[in-house]
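What follows is a short report on a single structure.
The values are calculated or read from the model by the stated rules, or taken from the named source; none is laboratory data. Keep in mind the model is a prediction, meaning the values are calculated, not measured. Note that each Cβ is placed from the backbone with ideal geometry, even for glycine, and that neighbours are counted across all protein chains shown. Areas reflect the complete protein model, heavy atoms only, side chains present, ligands, DNA and RNA absent. Shrake-Rupley method; radii C 1.70, N 1.55, O 1.52, S 1.80 Å.
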Amino acid sequence: MKVIKRTELPEIFLPGRTIQKAVGKDACSESKKMTMGFARYSEESGPMEPHHHAEEIVYIISSKNGWVRKGDHAEKLGDPIPLEAGMTLHFPILEWHVFEYGPGGHVDIIFIYGQVDKIRPEEIE
């Protein structure tokens, strides 16, 4: 067993989010079968663009004035769904979504994929 502490994981700053890779390809703990990590969406990382990818499970660790929107197209996302700690979201493969927040807000999540390859849309299609 490998014990992984979030506080010891390096932060990777990406447009719209900061991630920490815990398990998977190029992660703290290598896996050829699954991907798991943490992501934080806040003013610090700027707004996120709508995106889609492999099937994903997200667990909401904390949310302050945060929400998610989803839909069939990046330009046509539905109404905001307010987020709160303890929620689990299950995104089907290639479903468009975006995490957003109001002034001073944030969304902090755990993300899980059942794979390490073919996560990005260009790898799937």
Antiparallel bridge percentage (DSSP; both residues within the chain; nearest 5)
95 percent
Using the Karplus curve 6.51 cos²θ - 1.76 cosθ + 1.60 with θ = phi - 60°, what ³J(HN,Hα) values do you get for each residue of segment 54-70, in whole Hz, with x for Gly and Pro?
4, 3, 9, 10, 10, 10, 7, 7, 7, 8, 10, 6, x, 8, 10, 10, 9
Net charge near TYR113, counting Lys/Arg +1 and Asp/Glu -1 over other residues with Cβ under 13 Å of its Cβ?
+2
Built amide H within the under 5 Å cut-off of TYR101, gap 5+
TRP67
So for each of 41-54, 105-118 I average, over its residues, the number of other beta carbons within 10 Å; can you give me the resulting order with the highest mean first?
105-118, 41-54
Quick check: residue separation of LYS33 and VAL3 times 0.36 nm, minus the Cα distance between them. What number comes out in nm?
9.0 nm
Over all directions, the average projected area of the alpha-carbon convex hull for segment 54-125 comes to how many nm²?
5.1 nm²
Would you mind telling me the share, in percent, of accessible area of the chain contributed by carbon and sulfur at probe 1.4 angstrom?
55 percent
Quick one: net charge of GLU95's neighbours, Cβ under 13 Å, K/R +1, D/E -1?
0
Can you tally the net charge around LEU77? Count Lys and Arg as +1, Asp and Glu as -1, for every other residue whose Cβ sits under 15 Å from the Cβ of LEU77.
-3
Enter the Cα centre distance for the pair segment 90-124 and segment 1-71, rounded to the nearest angstrom.
8 Å
Whose amide H sits under 5 Å from the amide H of SER62, counting only residues 5 or more places off or on another chain, with H placed in the peptide plane?
ASP108
For segment 5-125, what is the accessible area per residue in Å² when the probe is 1.4 Å?
59 Å²
Averaging sequence separations of C-alpha pairs under 8 Å and six or more residues apart, then dividing by the length of the chain, give the relative contact order as a whole percent.
29 percent
From the phi of every residue in segment 87-98, what ³J(HN,Hα) in whole Hz does the Karplus formula 6.51 cos²θ - 1.76 cosθ + 1.60 yield, where θ is phi - 60° and glycine or proline is x?
6, 10, 10, 10, 9, x, 4, 6, 7, 5, 7, 8
